[in-house]
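As structure tokens, the structure follows; a few thoughts come after it.
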Amino acid sequence: MKSNPEIETVSGFEGGNVISIRDLYKSFGDLHVLRGVNLEVEKGQNVVVLGRSGTGKSVLIKIISGLLKPDRGSVKVLGQEVGDLDEKELRELRKRIGFSFQNSALYDSMTVRENLEFPLVRNVSNLSRKEINSSVEEVLESVGLLSAINQSPAELSGGQRKRIGIARTLIMNPEIMLYDEPTAGLDPTTCIEINQLINEVKEKYNTSSILITHDLTCAKMTGDRLAMLLDGKFVQQGTFEEVFSSDDERIKSFYDYNFTENQV
Amino acid sequence: MGHQHVHDENATRKICLSIASPKGLAHYFIANTNRNDQPKSLPNIRMSSSSKGTFISKNIDAVLLDFYEGWTFIVKFFRELFRGRPEFQEIIKQCYQIGYKSLPLISLTGFITGMVFTKQSRPSLMEFGATSWLPSLVSIAIVRALAPLITSLISAGRVGSSIGAELGSMRVTEQIDAMEVSAVNPFKFLVVTRVIATTISIPILSFYCAFVGLMGSFLDVTLNEETNIIAFFKSAFEQITFLDINSALIKALAYGFTIGMVGCYKGYNASNGTQGVGRAANSAVVLSMFLIFIEEVAIVQVTNWFR
């Protein structure tokens, strides 16, 4: 069954949605990146946002996390309108959101342990050294990198950096995870490991997620629902099969390009 | 309250831009107020003037916007300084990086400056048979002017560029964004700590530089005039007043604040990848040196009113 994204997002808007985006616009000067985006993420759901480079996928999750402000439109995260929050309220909301960056964004001047402790000690008061250590070790164990605890980010491989980046967000027990190109620049085996980790995180931490990617393997493995962003709008939403059975030439060419690229 | 503040900022920006260029103002209304948008939206404000063919207006736009951005950065520093839990550990770490690690360079430069200044001054004083005035002359020059100036210029190069490059690379690799989304205040952790560290460290380094410079001078004096250290320092401090010490301290505090603030401002607002990091480091040094010389003139002028 093919779905109409615009109708689907409007129906059942509030109930059980951890993220609700309605009529979102964002421009940078004359460049109109998002032109009326609508999206909903239900609790416990992994939504994959697909699209070509430069279509505003990363801009979308930066708006959700409050790093960018939209030109107009509504962005509700965990029932709160992000644009209406003051600095303190936004910080409180961000404690409940995990953001995994495309290049991991680990703090170069700190070890893996310090990277993980950094948000924890600043956001949770009255933690003993023992509690901090056990939280760090537990979360590192869940991403399979306990052995890297005293290494610096420069000593880690790309896949390990991704895992540590995810671990750093998990230490705050987020309710929502935002992944920006989680498999970009990784070899196929590591990509699959990261995809498995994303699914494990969803199960273990009971998170709802938005994944930004143009990797169809990642989309198929991790997405409960896919949303195809083209020309600043979601042109199709649904399961993997629903989205790619579309007659839209742009979606077909996106699929073909990925398929050809993977074959090469 | 947060919104009220944003409105106030908007009002100021509007005034700045309306003075500069009507078309720049029109673009401003379209542009977003969020800090992260600025690197992308500001060039359009400037380009609009360019397309209009008003070269002067474009440059006035740029200068006024730079002034405005700099001013809001300073205001934000003082707001964050007194808000929330201080990052003592990071301040100590930065003091170590900025102060302690500059000691070898400051020692060498200060010592050589004192020695060379004494050597260069001797022939002139000898003409009047006044070589006994050497310690006083050198101490006045070093304490009043040379020590704060040399220390700050060296620090502008070593520390300013380092802060600009470090924060710039953190900005372009999204480490600052990562702090922000982790519900940590990156401005407080990165900017406030570094500015406090430079404001504390530069005065200490400055007085240390003065001491080392006088030791360099003493070495030259003792080799030529065969004086002892007590006589040298007694003679050196005879002409030094509290006003000299205070003005040197005020200068060093101002220079330290300037170096930290400029380095952080340039690094924190870096954009355009690695090229932007290089530009941030470079402009941090150039701008802080330029401001240090302006402050030097201003502080000397004010100090002279009290003499």
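Read the figures in this text as sums done on the coordinates, not as results from a lab. All values derive from a computational prediction rather than experimental measurement. Here the Cβ positions follow ideal geometry from the backbone for every residue, glycine too, while neighbour counts run over all protein chains shown.
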>> If amide hydrogens are placed 1.01 Å from N in the peptide plane, which non-local residues have theirs closer than 5 Å to the one on A:Val48?
In response: A:Leu211, A:Asp224, A:Arg225, A:Leu226, A:Ala227
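For the ranges B:175-184, A:17-26, A:137-146, what's the packing order if you count other beta-carbon atoms within 10 Å of each residue, average per peptide, and put the highest first?
On the way: B:175-184: 22.3, A:17-26: 20.5, A:137-146: 17.4.
Highest to lowest by the protection proxy: B:175-184, A:17-26, A:137-146.
Is there a quick way to get the dipole size of segment B:89-306? I mean about its Cα centre, with the Cβ of Lys and Arg at +1 and of Asp and Glu at -1; what is the value in debye to the nearest 20? Please list the in-between numbers first.
Working: 13 positive and 13 negative charges, 59 e Å.
The dipole magnitude comes to about 280 debye.
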>> Starting from the 7 Å offset along Cα-to-Cβ, what nm value, one decimal, do you get for the label separation of A:Lys95 and A:Glu155?
In response: 3.3
> Once amide H atoms are built 1.01 Å from N in the peptide plane, which residues 5 or more positions from A:Met177, or in another chain, come under 5 Å H to H?
Replying inline: A:Gly98, A:Ser208, A:Ser209, A:Ile210
> Could you give the distance between the Cα centres of segment B:264-289 and segment A:96-114, to the whole Å?
Replying inline: 23
>> For a test of the definition: using alpha carbon positions, the gyration tensor, and the 1.5 limit on a/c, classify the protein assembly as shown as rounded, prolate or oblate.
In response: prolate
>> Residue by residue through A:182-195, how many Cβ atoms from other chains fall within 10 Å of the Cβ on average?
In response: 0
>> Under 14 Å from a point placed 7 Å out from the Cα of A:Arg35 along the Cα-to-Cβ direction: which residues of segment A:233-251 have their backbone N that close?
In response: A:233-235
> Efficiency by 1/(1 + (r/R0)^6): what FRET value for A:Ile192 and A:Ser245, r their Cβ-Cβ distance, R0 = 41 Å, to the nearest 0.05?
Replying inline: 0.95
>> Counting only other chains, and only Cβ atoms inside 10 Å, what mean value do you get across the residues of A:114-120?
In response: 2
> For A:Lys220 and B:Val300, FRET efficiency with R0 = 60 Å and r from the beta-carbon atoms, rounded to 0.05?
Replying inline: 0.25
> What ³J(HN,Hα) values, in whole Hz, does the Karplus curve 6.51 cos²θ - 1.76 cosθ + 1.60 give for segment A:119-134 when θ = phi - 60°, with x put for Gly and Pro?
Replying inline: x, 5, 5, 8, 10, 10, 8, 6, 8, 7, 4, 5, 5, 4, 4, 5
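Mind checking the mean number of beta-carbon atoms from other chains within 10 Å of the Cβ atoms in B:168-179? Please report the intermediate quantities before stating the final value.
Values: counts 0, 1, 4, 0, 1, 7, 10, 10, 2, 7, 14, 5.
Other-chain Cβ atoms within 10 Å of each residue's Cβ, averaged: 5.
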> ³J(HN,Hα) across segment A:60-74 via Karplus (A = 6.51, B = -1.76, C = 1.60, θ = phi - 60°), whole Hz, x for Gly/Pro?
Replying inline: 4, 6, 5, 5, 4, 7, x, 6, 10, 9, x, 6, 7, x, 10
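For the protein assembly as shown, what is the charge dipole size about the Cα centre, in debye to the nearest 20, if Lys and Arg each add +1 at the Cβ and Asp and Glu each add -1 at the Cβ?
Numbers: 57 positive and 60 negative charges, 261 e Å.
About 1260 debye.
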>> Under 8 Å for C-alpha pairs, at least 6 residues apart: give me the relative contact order for chain A, rounded to a whole percent.
In response: 27
>> Tell me the mean residue ellipticity at 222 nm calculated for the protein assembly as shown from its helices only (DSSP H runs of n ≥ 4, each -39500 (n - 2.57), averaged over every residue, nearest 500).
In response: -20000 deg cm²/dmol
>> For a quick check: with amide H placed at 1.01 Å from N, whose amide H comes under 5 Å from A:Leu68's, ignoring anything fewer than 5 positions away on the same chain?
In response: A:Ile63
>> Through the Karplus equation 6.51 cos²θ - 1.76 cosθ + 1.60, θ set to phi - 60°, convert the phi angles of segment B:86-100 into ³J(HN,Hα) values in whole Hz; use x for Gly and Pro.
In response: x, 8, 4, 4, 5, 4, 5, 4, 6, 4, 5, 5, 7, x, 4
> Which entries in the list B:Lys58/B:Lys251; A:Lys57/B:Lys266; A:Lys95/A:Lys204; B:Lys76/B:Lys251; A:Lys62/A:Lys233; A:Lys57/A:Lys252 go over 26 Å, if you measure between the two C-alpha atoms of each?
Replying inline: B:Lys58/B:Lys251; A:Lys57/B:Lys266
